[in-house]
Amino acid sequence: MKIPKSVSRYCKHCKKHTEHKISIVKGKERGSLKKFSIARARKRGRGQGYGNKGKWGSKPAISQFKMTGAKTSKKTNLKFTCEVCKKSSIQSHGIRTKKVVLE
Ligand SMILES: [Zn+2]
């Protein structure tokens, strides 16, 4: 699916239509010094064994209770940044698509 790089959209901070830059939101990796790091979980006695709630391990937590691999497409996750005030907002509903191309 082709998506334009910028679009005119309502900005709730400027309270009018302004030009917005579109970017794709990507998930961040689990940091080694952050709150949900594996090192921190191990230190607190939660990293392994009975009772880690499926949060820490080699496989992501979502794969242990959700059926994965059934769908071939993913929902879009777009971020709109206002060119005037530089504040950004995230889309409310994603559209299911195989590939997102910004042009
Ligand atoms: Zn704005």
Exactly one of 13, 17 is open to solvent by 50 Å² or more (accessible area, probe 1.4 Å), more than 23 Å from the chain's Cα centre (by Cα) and within 11 Å of the ligand (Cβ to nearest atom), and that residue is 17
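Results for (1) more than 16 Å from the ligand (Cβ to nearest atom); (2) open to solvent by 60 Å² or more (accessible area, probe 1.4 Å), shown as yes or no for each residue.
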| site | (1), (2) |
| --- | --- |
| 31 | yes, no |
| 47 | yes, no |
| 62 | yes, yes |
| 72 | yes, yes |
| 81 | no, no |
| 85 | no, no |
| 93 | yes, yes |
| 100 | yes, no |
All conditions in (1) modelled with pLDDT under 90; (2) within 30 Å of residue 12 (Cβ to Cβ); (3) open to solvent by less than 80 Å² (accessible area, probe 1.4 Å) are true of residue 51 except (2)
Checked pairs for segment 71-96, first touching a residue at least 24 places away in the same chain (Cβ under 8 Å), second in a loop (DSSP other than H, G, I, E, B) and within 14 Å of the ligand (Cβ to nearest atom), C-beta under 7 Å and 6 or more apart or across chains, list as 82/13; 82/14; 84/14; 85/13; 85/14; 87/13
Among (1) in contact with a Leu (Cβ under 7 Å, 6 or more places away or on another chain); (2) of a type outside the set (S, T, N, Q); (3) within 16 Å of the ligand (Cβ to nearest atom), residue 3 falls short only on (3)
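The values are calculated or read from the model by the stated rules, or taken from the named source; none is laboratory data. What you see is a predicted model, and the numbers here were worked out from it, not measured in a lab. Positions of Cβ are backbone-derived with ideal geometry, glycine not excepted, and every protein chain shown enters the neighbour counts. Note: areas computed on protein heavy atoms with side chains; ligands, DNA, RNA excluded. Shrake-Rupley method; radii C 1.70, N 1.55, O 1.52, S 1.80 Å.
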